[in-house]
Amino acid sequence: MFERIDYYAGDPILGLMEKYSADNNPNKVNLGIGIYYDENGVLPVLDCVKTAEARIADPIAPRPYLPMAGLPGHRKGCQELLFGKDSQILQDGLVATIATIGGSGALKVGAEFIHEWFPQSKCYVSDPTWGNHIAIFEGSDVEVGKYPYYDKANSSIKFDEMIAFFETLNKNDVILLHPCCHNPTGLDLTQAQWDTVLNVIKARELIPFMDIAYQGFGEDMDSDAYAIRKAVEMGLPLFVSNSFSKNLSLYGERVGGLSVVCLTVDEAERVFGQLNAMVRRIYSSPPSHGGHVVDIVMNDEALHEQWVGEVYAMRDRIKAMRLKLKSVLEAKIPNRNFDYITRQNGMFSFTGLTPEQVERLQSEYGIYMVSNSRMCVAGLNTSNIDYVANAMADVLKD
Ligand SMILES: Cc1[nH+]cc(COP(=O)(O)O)c(/C=N/[C@@H](CC(=O)O)C(=O)O)c1O
């Protein structure tokens, strides 16, 4: 009956977690999956989340189904984080927002929406991008193409090539963009470059789909949302998928959001209704517990302020690890340029190691990076960074 079903080769990122867990090397270091570990190598429970959890636990409440779109407070929290608390489009009711099963769920519902309502549209992702972007959109029968992004030779962005490519696209083609903390390269556009990109998108009547999974890990909550808010200022139609996995450290609670910026209230009502219909036929409603945590943290002023401070502390620790790794590697290999480590933003560094060098780090040192040479800098701490730098120097020297 099922003998013709293909074997699953496994996921290049999640599969790494399983190999790492099974590795008995006492010095093993997990630099694979995009998870923030603290200075002690522990996945933190944020203080603001602990407070929210305590409120949810006492008095304990029943767990009915949530609305298809999730808790209103969860949706409001997404909107204010992405567009700004006093955003005019929010006051005018022009944004259709649903709570989703993480950022992945937001991308899935968005991809299904594109497939159903823009069947002629192709979706273009950066080369390279987060691997699941391609799988999610292709899984929704949206044809996926790639736009030039990463210049390996110079560890930079192929900006002119990217713009020239956008100029060739058709009306309503979708461009999947990383507003900040690009995964896997860590290379972000400047605000001036975003302005140019958005002007081309406007001129070509393309559809920007911005996936922001690391808001707060780049510069700050508002700067990281520059591209999103600039698109709104320019009156562009816009899809935004957001994730609270990393900046609330709630990975397993599966909390995120999908927002669609519309031009009229009537459009927003139509889109919101169809997003609800889509949720109903995919997973019916989003998770309750994580939704309540998001609702409490995002809408309690004191907790929200505490949360921002906790995200910035995570951001700053990652930046400190970038500086330390760069200086240790420069000392070990003086004739090699490691500027890319501090030029890159957010959780990831695209190290440029060859697949063979990545494999050696894993097999000889128990250091796990994604095979495309992406390193999750948040896995570094003062206890393991010298070990990692020495190992990188060893494989780079040979
Ligand atoms: C750009 C991006 N978008 C969305 C997600 C999904 O987030 P979530 O809310 O957990 O559904 C991730 C997760 N990325 C990390 C984990 C993974 O691969 O699933 C990663 O790149 O390691 C992203 O890196």
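The values are calculated or read from the model by the stated rules, or taken from the named source; none is laboratory data. In this text the structure is predicted, and so the values were computed from the model without any measurement. Cβ coordinates were reconstructed from backbone atoms using ideal geometry, including for glycine residues, and neighbour counts include every protein chain displayed. These area figures cover heavy atoms from the full protein model, side chains too; ligands, DNA and RNA do not enter into them. Shrake-Rupley method; radii C 1.70, N 1.55, O 1.52, S 1.80 Å.
The alpha-carbon of Lys326 sits under 28 angstrom from the alpha-carbons of these lysines, leaving out residues fewer than 8 places away in its chain: Lys19, Lys28, Lys152, Lys158, Lys246, Lys397. When the Cα convex hull of the chain is projected onto planes of every orientation, the mean area is 21.3 nm².
Expected output is a single nm value to one decimal: the length gained when fully extending between Asp394 and Asn170, i.e. 0.36 nm times separation in residues minus the C-alpha distance. What is it? Result: 75.9 nm gained on full extension.
In the stretch 86-169, which trypsin sites (Lys or Arg not before Pro) are in a loop and have at most 15 other Cβ atoms within 10 Å, using DSSP for the loop call?
Listed in order of number, the matching sites are Lys152.
By DSSP, the beta bridges lying fully in the stretch 63-299 are antiparallel in about 50 percent of cases.
Stretching Glu18 away from Ser363 to a fully extended chain increases their span by 122.7 nm, per 0.36 nm per residue minus the current alpha-carbon distance.
Could you give the distance between the Cα centres of the stretch 135-164 and the stretch 178-197, to the whole Å? If you average the Cα positions of each part, the centres end up 12 Å apart. Here the simple spin-label model places points 7 Å from the Cα toward Cβ, and for Phe118 and Asn335 these points are separated by 5.0 nm. Within the same chain, lysines fewer than 8 places from Lys324 are excluded, and of the rest, those with a Cα less than 18 Å from its Cα are Lys332.
The solvent-accessible area of Ile134, taken with every protein chain present and a 1.4 Å probe, is close to 40 Å².
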